[in-house]
């Protein structure tokens, strides 16, 4: 039994712990062993503090022995994308500029995980500062897709997706600004979800684009995502954009909500540019819902084609300002070549940031510049409102929306590195969800002939995660593609 | 042809630290004088992932300032990021308000110098453009090869009060800052101590030929560290600009630095070097909605303003202007005065004791930091009122009162107690006084002769002798009566 602990879902691990079939220490040992065995190939982790992991596991076992278990997640490992602060652990954001930074405080999501008894462990790879769709933009080496090591895991939360796919962690957290959870989940064959903006506190998440960023879970199943989401959600007085709302019992909601649902198919999402195999697998998933008695309705989201340009104006503008704090003055890398104050800024940032980060900071600063603000940033914000209204109109007709998560399965390492535009288009189906501030989830819906996973995206209404998860679960519980994992 | 006359036009940007308990966006205490970098946390230091949360008290203080200066309060205000790189600012952007400030318009009442110090000068209202709330930056200390930064001040709430170009002389500038400071101190917004950086001022100065409507080339003056410094800097700058123009030169729009020791200004940067701050709404903060009920609740907390109080004191208590001018800038002193008046019959005398004797004692009990704060003094309104009443009742002479004032101040003993303990009670025993007066008349034939010869003042010499003989305890009114009675015989 303990040999296969790393294969289990969080729900199963919770059950093992509750039944006394495994201890938290055994679980932690199993994942340390698994990560030690496979991460050389996958490179999901940037840093692991196994000692701290085992110490947490020991405390969890002690709690359980004293009858003080904190519930379903007590003793279950959760690994973090390396942009989520955890006290005493490094936070690099996969950037040279933060190479030696150790966070002195816990993100709110981490506080909540600790309160739930979860074993919070490890720092997962990403595209530098979450800017990218392949995890190739990491200053500390790319992560490889466990299904085909020559391919990318997607991004920016590639480490978080790959760690679950390679069974190095049952649960991980990522962050999603334009698809950074859902797209790598799709490419790695796991479940990945972006909550409604404001549902999970951003306090402690190193910001990329503040009005778009959300922390969200990765797991093998929708059920596990429901468990993890319940633990990290809720109003936080430390985040002004956190929404004061009750957190429902998402796990219970999976079975309580049965439909029948009206499911929207936005015509703009099913046009050209989708890989044939992706199209076929997503169509099959959609057909499943129809067969189960749910109604399919064509809807229109007319502003869809503007989503990518709007996103790149807003996200880069916010990023140019958010990343200004990495300046070589205090906790960040300082250039040894700096000879004056201006040098400290320009040389430290020049050496510390990668190409994509520099590209986006420059782009963003340009869009905010005097004389350009109205034409770019202001106009993008207005268009963003229209995009949100498109979704509101669609949700007057339907309960949830189904789309492909990504137009293609995992692409080869290096294939799109020199072509930012084609890289940006990887997120064409996920970006408008961030702009609208609504929740979305990617559920594995099969494999291509080459054995590469494909994801179905379910988009829900703001703060109606429970219903969206139920729609996703209806498919996931009978297909369970996320339970499969590759030989490594 | 006569020489062209120039006039100055000045606008002021005044920064005032709002004295809130915690900083503007986090629960860390706001303060002054703590060891460097101790008033910090992840938010103040701008660590990865830290987020700002708006301080309610800072908003309420801003609304209060707006109300007391007659501004229009914004019903919705938002927060913008002002982006520029400087090591005193941990995030390299300052959270400020760009196009939707919390207060619009408003005015500051000023008093200009009167004909004499005893006469109220003319009053005028100086127009304000806007007031906005922003976060303060840290403090840099520069050394030869490096600089040190202290973030204790960073993230403290700071109000920027921007006037219209509606001031026309260094004296008006001085009057404006004095009045603004008095009002803000009154309302408990800030102590406005310029030397502690609680109040800071930049001045936009231009000159133009008298009669010209358009403003001349604007120069922004910085490093004006005291209210007098502002007046001196502005005065110098007006003269500099006027001479440049008189000599046929032209002025450039620039920022200049006032050097208070050498008393001249030097160029810092020109308009071409101005920053593009790339303002945009801060996505980490929600706009704040301000409704009428909120505004009305804050309006109730606004105290009477200094000039209003001064006018009332003159009218209600019949105080001379010269008593009100030292009294009214200090709210605590005014409260002290009114508490005294409530316990005694003579407001004018009460005011005299306070503005002359009490202020003198406070000043001599002070240290290099300034006079002793009124709150630390042992003297209370009850003490002053009793002193006024003792004199009024004729129990002691005003000379005795003057004598015991310092002791009352130093010990906190009630004046009546001191009078009792020292046996200073005024003698109103007619028999005893008649004996003494007779003796004095006998001893001072020369004065008696002069008085009888029509020299009215000569009686004062006789009175002085009586007071001397009674060690000042004789009731002067009675002495006067008895002497005249005896002399007329």
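Read-outs: derived from the displayed coordinates by stated rules, not from any lab. Computed from a predicted model, the values in this text were never measured in an experiment. All Cβ positions, even for glycine, are placed from backbone atoms using ideal geometry, and neighbour counts span all protein chains on display.
Some notes on this structure:
- Estimated FRET transfer efficiency (residue B:477, residue B:342; beta-carbon r; R0 22 Å; 0.05): 0.25
- Evaluated at q = 0.09, 0.12 Å⁻¹, a Debye calculation over the C-alpha positions of chain A (equal weights, vacuum) places log10 I(q)/I(0) at -0.54, -0.99.
- Degrees separating the helix B:170-186 axis from the principal Cα axis of chain B, which is the longest one: 80
- In the calculated pair-distance distribution of the range A:347-484, the portion above 18 angstrom amounts to 68 percent of the Cα-Cα pairs.
- Net length gained if the chain between residue B:432 and residue B:86 were fully extended (0.36 nm per residue, minus Cα distance): 116.3 nm
- Seen against the Cα atoms of chain B and their longest principal axis, helix B:56-68 is set at about 60 degrees.
- For A:251, B:208, A:280, B:246, order by how many other beta-carbon atoms lie within 10 Å, fewest first: B:246, A:280, B:208, A:251
- Antiparallel bridges, percent of DSSP beta bridges restricted to chain B (to nearest 5): 90
- Distance between modelled label sites at residue A:359 and residue B:148, nm, 7 Å Cα→Cβ extension: 4.4
- Along principal axes, Cα extents of the range A:28-87, largest first, whole Å: 40, 25, 20
- Annotation: Cα Rg of the range B:72-171 relative to the compact-globule expectation 2.2 N^0.38 Å equals 1.49.
- Per-residue mean of foreign Cβ neighbours for A:236-242 is 5 (Cβ atoms of other chains, 10 Å radius).
- For a label point 7 Å along the Cα-to-beta-carbon line of residue B:368, residues of the range B:217-236 with backbone N under 20 Å: B:226
- Legend: Rg and Dmax of the range B:6-297, from Cα coordinates, 19.7, 61 Å.
- Relative packing of A:232-241, B:89-98, A:197-206, which averages over residues the other C-beta atoms within 10 Å, highest first: A:197-206, B:89-98, A:232-241
- Förster radius 30 Å - calculated FRET efficiency between residue B:98 and residue B:311, Cβ distance, rounded to 0.05: 0.20
- Calculated [θ] (222 nm, deg cm²/dmol) that DSSP helices of n ≥ 4 give over chain A, each run adding -39,500 (n - 2.57): -11500 deg cm²/dmol
- Segments A:81-89, A:120-128 sorted - mean Cβ within 10 Å per residue, highest first: A:120-128, A:81-89
- In the range B:242-292 the Cα-Cα distances spread across 10 Å bins starting at 0 as 17, 26, 22, 17, 15, 4 percent of all pairs.
- Helix axis angle, B:227-246 relative to chain B longest principal axis, alpha carbon, degrees: 60
- Quarter of the Cα convex hull surface for the range A:265-349, i.e. its orientation-mean projected area (nm²): 9.8
- Take A:157-168, B:447-458 and order them by the average number of nearby Cβ atoms within 10 Å per residue, most first; the result is A:157-168, B:447-458.
- For the peptide A:316-326, the mean number of other protein chain Cβ atoms found within 10 angstrom of a residue's Cβ is 5.
- Cβ-Cβ distance of residue A:15 and residue B:421, R₀ of 60 Å, FRET efficiency by 1/(1 + (r/R0)^6): the value works out to about 0.10.
- An ellipsoid equivalent to the range A:1-100, defined through the eigenvalues of its Cα gyration tensor, has semi-axes of 27, 16, 11 Å when rounded to whole angstrom and sorted largest first.
- DSSP beta bridges fully contained in the protein assembly as shown are about 80 percent antiparallel.
- Value of Rg to Rh for the range A:251-409 (Rh from inverse mean 1/r over Cα pairs, i.e. Kirkwood): 1.15
- Among the residues of A:327-335, the average count of other protein chain beta-carbon atoms within 10 Å of the residue beta-carbon is 3.
- At q = 0.14, 0.18, 0.19 Å⁻¹, base-10 log of I(q)/I(0) for the range B:322-435 (Debye sum, equal scatterers on each alpha carbon): -0.57, -0.88, -0.96
- Inter-label distance for residue B:191 and residue B:244, nm, one decimal - labels placed 7 Å from Cα along Cα-to-Cβ: 3.8
- Each of B:391, B:173 was scored by other Cβ atoms within 10 Å of its Cβ. Listed from fewest to most, they are B:391, B:173.
- Directionally averaged projected area (convex hull, Cα atoms, the protein assembly as shown), nm²: 55.4
- Spin-label zone in the range B:371-389 - amide nitrogen under 17 Å from a point set 7 Å from the Cα of residue B:402 along the C-beta vector: B:387-388
- Scattering curve values for the range A:190-256, log₁₀ I(q)/I(0), Debye with Cα scatterers, q = 0.11, 0.26, 0.28 Å⁻¹: -0.26, -1.16, -1.25
- Using alpha carbons only, the radius of gyration of chain B set against its Kirkwood radius gives Rg/Rh = 1.11.
- Convex hull volume of the Cα atoms of the range B:430-487, normalised per residue: 65 Å³.
- Simple label model, 7 Å out from Cα along Cβ direction - residue A:483 to residue A:305, nm: 4.4
- Virtual paramagnetic centre 7 Å along Cα→Cβ of residue B:486, amide N under 20 Å, in the range B:375-401: B:397
- Maximal additional length on extending the residue A:52-residue A:343 stretch stands at 100.9 nm, based on 0.36 nm per residue less the C-alpha distance.
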